[in-house]
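The structure under discussion appears below in the form of structure tokens.
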Amino acid sequence: MGVGNLLEEYETSIVTRHTYLVSGITKSLQTFSEEQFLSELSDDRNPLGGRPTVRSRPALYQPNGAHRPQHHQPPEAAENEIYDSDESNLLRTPLDRGPHFDLSASKNITALVGKTAYLNCRVKSLGNKTVSWVRHRDIHLLTVGRFTYTSDQRFQAVHNPQTDDWSLQIRYPQKRDTGVYECQISTTPPVGHSMFLSVVEPITTIVGAPEMFINTGSTVNLTCIVRNSPEPPSTIMWTHNNQEINYDSPRGGVSVITEKGETTTSYLLIQRAKPTDTGKYVCSPSNADPSTVNVHILNGEHPAAMQHGGQLRIADPVHVFLLWLLSFLLGRR
């Protein structure tokens, strides 16, 4: 066969091969999966047949200029990573974190004696697991899911599906209920989050109680202090001989100053004390028990002659003057 004929046959072979590749690629894009396409393309390139070569991932870049090969990790190796395999082109969804606590909504609580308390536990992605409450003091199981597992019916589980909250409700809490409570998720092994419940009883005291002796014409300063309250009382009412004090009465000169905070203080100021101001004064916070003091207005008598049970209280004149001055300035506004 001549050289010209060999060249002509070679060119015809090249054209035929190119046409086959183009038609094969078109066919692959229309009907073949990527793996089938790669297989057929590889068969064309590799007359000996066999599995197509899979492209490898590029080596990780190192700051020192060195490169190291990237090792394939199992799907469990990294959370929230999407794996894209060049061989199978399968996209896996981000890994689920599973049941876990939202600690921003699960905190320590201070409650009042006798007022219903709630320990809140927010659990995300609970799935088919259950939430339980355990009291650490005696390792006592209180609730499982919505069911109560204690004979003390003051305890009850409350579930809010909108917020994923599992709250432990404690009705009529007492000081003995103070302690650590744990919210548990029934995973394997179980996971828990502990919270501290502090049950307090506000204390109300009147400085100088139970008896106070004031000279006629002086300013009466009754100071009522409320301690151990999770929140300040919304109101503090003063009464005189079981009658609520009217600060706008014709008598005049009667005012009250209340400072709210962790410790709330209420000052009852009565200017130009008169014998009719004698009697029982009661300070009644809205969230605590009241406190009582008996006030005696002296008309020149020696206070020792009016002692009761050996108790004698004389108001601090400097403190009284400062409070009177503050009340006077506020009254002129």
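Before moving on, here are some points about what is shown:
- 5 angstrom amide H check on HIS100, placed H, neighbours 5+ away: LYS124
- Vicinal HN-Hα couplings computed from phi for region 179-194 (Karplus, 6.51 cos²θ - 1.76 cosθ + 1.60; Hz; Gly/Pro x): x, 9, 10, 10, 8, 10, 10, 7, 7, 10, x, x, 10, x, 9, 9
- Amide hydrogen proximity for GLU211: with H placed 1.01 Å from N in the peptide plane, the residues at 5 or more positions away or on another chain lying under 5 Å are ASN294.
- Across all directions, the average flat footprint of the convex hull enclosing the Cα atoms of region 93-229 is 12.6 nm².
- Amide H contacts under 5 Å for CYS121: TRP166, SER167, LEU168, restricted to partners 5 or more places along the chain or on a different chain, H placed in the peptide plane at 1.01 Å from N.
- Taking all protein chains together, TRP133, TRP166 sort by accessible area into TRP166, TRP133, largest first [probe 1.4 Å].
- Unsatisfied cross-links (Cα-Cα over 32 Å) in the set LYS115/LYS274; LYS107/LYS260; LYS175/LYS274: LYS115/LYS274; LYS175/LYS274
- Whole-Hz couplings from phi, Karplus 6.51/-1.76/1.60, listed for region 122-135; x for Gly and Pro: 9, 10, 9, 6, 5, x, 9, 7, 10, 10, 10, 10, 10, 8
- Whether region 227-274 is rounded, prolate or oblate, judged on the alpha carbon gyration tensor where a/c under 1.5 counts as rounded: prolate
- Cβ-Cβ FRET estimate between THR188 and THR239, R0 fixed at 56 Å, reported to 0.05: 0.35
The values are calculated or read from the model by the stated rules, or taken from the named source; none is laboratory data. Being a predicted model, the structure only gives us computed values, none of them experimental. No Cβ is skipped: glycine too gets one built from the backbone with ideal geometry, and neighbour counts run over all protein chains shown. Accessible surface is based on the protein model in full, side chains and every heavy atom, while ligands, DNA and RNA are left aside. Shrake-Rupley method; radii C 1.70, N 1.55, O 1.52, S 1.80 Å.
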